[in-house]
Number of protein chains: 2
Amino acid sequence: MKAFTIGQLGDRTGVNVETIRYYEKIGLLPEPARSAAGYRQYGDDHLRRLHFIRRGRDLGFSIEAIRALLRLATHPDYPCQDADRLAAEHLAEVERKIAELERLRHALGEMVNCRAHTVAECRIIDALAS
Amino acid sequence: MKAFTIGQLGDRTGVNVETIRYYEKIGLLPEPARSAAGYRQYGDDHLRRLHFIRRGRDLGFSIEAIRALLRLATHPDYPCQDADRLAAEHLAEVERKIAELERLRHALGEMVNCRAHTVAECRIIDALAS
DNA sequence: CTTGACCCTGTAGTGACTACAGGGTCCATG
DNA sequence: CATGGACCCTGTAGTCACTACAGGGTCAAG
């Protein structure tokens, strides 16, 4: 019966204590048992679930996508197709964002290292103003 | 004396009417004159300034960066160095984001197209759970 | 017995909008 | 002159995923 506190759970998963409470409030992490003083008492199930959430967030999945993935993860007999669709959609979104940022990088690359002396001839201000 | 309404200003700049009012509230766009009925009346100065803001946003500059760039743009004798620093910092941030997204793309690319039948063998769920 | 690190709840703030609700105005048409 | 629809007004609340308090209570070491 080794239970740990919210601070210990945070240390083990690299998740902020406030974020853990937030995940509980939005129903991503189940409410744990409480000590006599009202302290949250977590077990290995919580640890595993929070690790899962943390990895999903590190991969950039939205909270709602993680909610769906968690639902899948707890039903080993479900088809894996749904998980694949979620991941593929997310990958497409990541690629869309990369393309957009590459566009920005190119445009900004043309602008920086402006060697004009004053704003009047500055090509950065000019690019925005005209 | 050709003044135009907020809707016309929005059409000409591609900025949402609600966003224009928001820019006014946060002090990015000066308060225009009003008609007898209380309608906002914009002129060419507003049009130019909002175009500037729009281009800055399209380049991914934050509102605060645009605020600083606008301050520079209205002082042609200021050194252009400050504008260059803002643009260079933003470019560095864009490059940081691209690198992070490339990392995600790689990780997600390894995961998708999972051909397992059920969640039990799914490599997506597995990547998150273990 | 005190100190400091931890825990609790609840609320408000972040960025950059977006979406109403509930009203007023303008103008063209019948 | 009435009416309808497109526009305008203010103000507030919602979005996403947290983060930062404020104002308390608890626990363990020294």
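Data for the structure
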| quantity | calculated |
| --- | --- |
| In Å², nearest 10: area of A:His117 left accessible to a 1.4 Å probe | 150 |
| With DNA, RNA and ligands ignored, accessible area of A:Arg103 (1.4 Å probe; Å², nearest 10) | 120 |
| Net +/- balance of residues flanking B:Val15 in space, Cβ distance below 10 Å, scoring K and R +1, D and E -1 | +1 |
| Other-copy label distances relative to B:Gln81, 7 angstrom Cα-Cβ extension, nm | 6.4 |
| Shortest-first distances to equivalent copies, position A:Ala3, nm, label 7 Å out along Cβ | 6.8 |
| Whole-angstrom gap from the range A:43-72 to the range B:58-81, using each part's C-alpha centre | 41 |
| A:Arg103 versus B:Ala120: modelled label distance in nm, points set 7 Å from Cα along the beta carbon direction | 4.6 |
| Nitroxide proxy distance, nm - points 7 Å out along Cα→Cβ at B:Glu95 and A:Asp58 | 2.6 |
| Two-decimal ratio, chain B, of alpha-carbon radius of gyration to 2.2 N^0.38 Å | 1.64 |
| Teacher prompt: A:Thr19 distances to equivalent labels in other copies, 7 Å Cα→Cβ, nm | 3.0 |
| Three-way shape call for the range A:34-105 based on the alpha-carbon gyration tensor, with the a/c threshold at 1.5 | oblate |
| Proximal charge balance of B:Val119 [Cβ under 12 Å; K/R count +1, D/E count -1] | -3 |
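The values are calculated or read from the model by the stated rules, or taken from the named source; none is laboratory data. Note that this is a predicted model, so its numbers are computed, not measured. Every residue, glycine among them, receives a Cβ derived from its backbone with ideal geometry; neighbour counts consider all protein chains shown. Side chains included, ligands, DNA and RNA excluded: accessible areas come from the protein's heavy atoms. Shrake-Rupley method; radii C 1.70, N 1.55, O 1.52, S 1.80 Å.
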